[in-house]
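The values are calculated or read from the model by the stated rules, or taken from the named source; none is laboratory data. As the structure is a prediction and not an experimental result, all values here were calculated from the model. A quick note on method: Cβ atoms are made from the backbone with ideal geometry, for glycine too, and the neighbour counts reach across all protein chains shown. Heavy atoms of the whole protein, side chains included, go into the accessibility calculation; ligands, DNA and RNA do not. Shrake-Rupley method; radii C 1.70, N 1.55, O 1.52, S 1.80 Å.
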Amino acid sequence: MASGGKREVEIVETMEKFGVYQTVQYFLICLPVMFVTMFNVNYVFVAGEINYRCRVPECDDQSTAYPAYKPSWWPDKIIDKCTRPMIKQLTGGACTKQSFSDKGEVCKEWVYETNDTVIAELNLACQPWKSNMIGAVHNVGLSIAWLASGYLSDRFGRKPTLILCGVLGGIGLFKAFTTSYFLYIILEFLEGTIGGGCYTAAMVLMIEIGGVENRVLAGVIFSYAIYVGETLFALIAMFVPFWKTLIVIVYSPVIAFLSFFYLIKESPRWELLNDKTEEAKNTLLYIARVNKININKEKLLNMTAGNLRGEFKMETYQERESFRAVIRSREMMKRTLVAGFCKFTSGFVYYGLMINSVFLPGSKYTNFMLATVMSYPGELMSLYFMNKFGRKFPLIYGFLLCGVLCSACGAVPEDYKAIKVTLFLLGKLIVSVCFTGVITYTMELFPTSVRGTMLGVCSVCAGFGSILAPLTPILNQVSIILPPLIFGATALLSGVLLTRTPETKGAPLMDTIEQLDRTYGQPSSGSS
């Protein structure tokens, strides 16, 4: 017993206690995640559709750059907003409702109801593909970020990748000063490519400092950081609708994240695997001091790199394990294929259901917040079920149930609106459970040496799902039951595939591919 009656614990148990250290670190890590999330949904409102009509030079006031959107002379006949009404004759030199014929011509200039979105600034009227391209380009950038940041977090550390991606993602601030659509698209792409890397680094860092018993909690907290970012952005946009002011408010604070180089600590596991033994010792001593854990400090300071790795049951490997080592391992390939498809499903179904919920009446800001808040109870359910019953089986039953609910929603006739809405909301709730569960399960499936890289690969799969999701409403032109049936089939397939991977609850995190292959009875293929 140490002085004060505190029991001395083994060094390996330093990170198993969830205390003040984890609470503060999780809070700090989640702040960049929240802001990057706001960057990632900015186009929903910043590039949102606004009302506009054709400009009629003979009638519109030429002395102002912003003529009235609803002038008294506009014809009562419903006219397509991309068609200009043709003038028949002017009465006394002024336009009236009777000044126009029944004919129309292609519009070349427009008058916008407001300048709240970039549609007016960049003059994107009657070019819906350009406004839709803004979100698509951003999501392509996100996919690249998730892949690259996994490698960067493994190579250079979780901490610098998290902070630099969060700060440099603020490049989107320059969108407020551009009047070129091409430059705007470039900035949107760079914003997603750079800022999106924050997610992978944050997920890996949170799970590695939280201990075995808190992996699911880490995934839930991470997911809530995303949802809070979405909700907060909707609230800000509700009170600050003008897109330039909105961008300045959301993007400017990221410069403060540079201070996180002094506030956030690196993962000790990463430090040990990358021959930063002294840094790992200092981090462990700091954790013990903050969490008031009594460890043998002298023993820790005198341990060699090999002994300290052995204390944490970490294997020493001479060469950095590359993606070639992943391909050579049958166990790794199996896990990659299953985890990748499940991540694709979670992104595809989650965002697909959100996008297809546009039938809900009311304010777009309110509807967006409600769609986000719908996910909150799903996180609590994920935390309970995955801690109570493990990771694998809640995910299997969750995906299967989501598949059934989505398919049933598509099969129910339109006349039974209450039933369809109920099935839709239940499906959204269950896919939220799976969305969080897959994050934790994926991180536990892969060894420390390639965890960031493989998490990036799987996140790219999720990115493909989020890119395809906005295209599903097109299928309604063929049949309204197609989108929910596709969502259902994808979820059902994920549930079946998950039967091929192991349970990870309570299991120690593997550190190398060689160790993983040896544990699961497969011969080592080397780590070249």
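Of all residues in segment 378-432, count the ones that are of a type outside the set (Asp, Glu) and assigned to a loop (DSSP other than H, G, I, E, B).
The total comes to 5.
Name every residue in segment 270-284 that is open to solvent by 30 Å² or more (accessible area, probe 1.4 Å) and either assigned to a helix (DSSP H, G or I) or without any contact (Cβ under 8 Å) to a residue 12 or more places away in the chain (or both), in order of residue number.
Within segment 270-284, LYS276, GLU278, GLU279, ASN282 meet the criteria.
Determine whether ALA176 is part of a helix (DSSP H, G or I) and at pLDDT below 90.
It is false that ALA176 is part of a helix (DSSP H, G or I) and at pLDDT below 90.
I'd like the full set of residues that are modelled with pLDDT of 75 or more and either closer than 12 Å to VAL56 by Cβ or part of a strand (DSSP E or B) (or both), limited to segment 84-95.
Hits for segment 84-95 are ARG84, PRO85, MET86, ILE87, ALA94, CYS95.
Looking at (1) farther than 26 Å from THR440 by Cβ; (2) of a type in the set (Gly, Ala, Ser); (3) in a helix (DSSP H, G or I); (4) modelled with pLDDT of 85 or more, can you tell me which one ALA125 breaks?
(3)
With the requirement that a residue be at pLDDT 80 or above and buried (at least 22 other Cβ atoms within 10 Å of the Cβ), what does segment 429-439 give you?
Within segment 429-439, ILE430, VAL431, SER432, VAL433, CYS434, PHE435, GLY437, VAL438 meet the criteria.
Residue check, ASN51 against (1) under 30 Å from ALA234 (Cβ atoms); (2) touching a Gly at 6+ places or on another chain (Cβ under 6 Å), all met but one. Which one?
(2)
Based on this model, can you work out whether ILE194 counts as open to solvent by 40 Å² or more (accessible area, probe 1.4 Å), part of a helix (DSSP H, G or I) and closer than 28 Å to THR436 by Cβ?
yes
Conditions first: (1) over 24 Å from GLU208 (Cα atoms); (2) assigned to a helix (DSSP H, G or I). PRO241 passes all but one, so which condition is the exception?
(2)
Any residue that is open to solvent by less than 50 Å² (accessible area, probe 1.4 Å), within 13 Å of ALA47 (Cα to Cα) and in contact with a helix residue (DSSP H, G or I) (Cβ under 7 Å, 6 or more places away or on another chain) - is there at least one of those in segment 158-166?
Checked against the condition, which is being open to solvent by less than 50 Å² (accessible area, probe 1.4 Å), within 13 Å of ALA47 (Cα to Cα) and in contact with a helix residue (DSSP H, G or I) (Cβ under 7 Å, 6 or more places away or on another chain), segment 158-166 yields no hits at all.
Out of all the residues in segment 97-114, which are of a type in the set (Val, Ile, Thr) and under 10 Å from ALA125 (Cα atoms)?
Correct list: VAL111 only.
Just name the residue that is surrounded by the most Cβ atoms within 10 Å (Cβ to Cβ) out of those in segment 409-423 that are within 20 Å of MET354 (Cβ to Cβ) and touching a residue at least 60 places away in the same chain (Cβ under 8 Å).
Looking at the filtered set, the residue picked out is CYS409.
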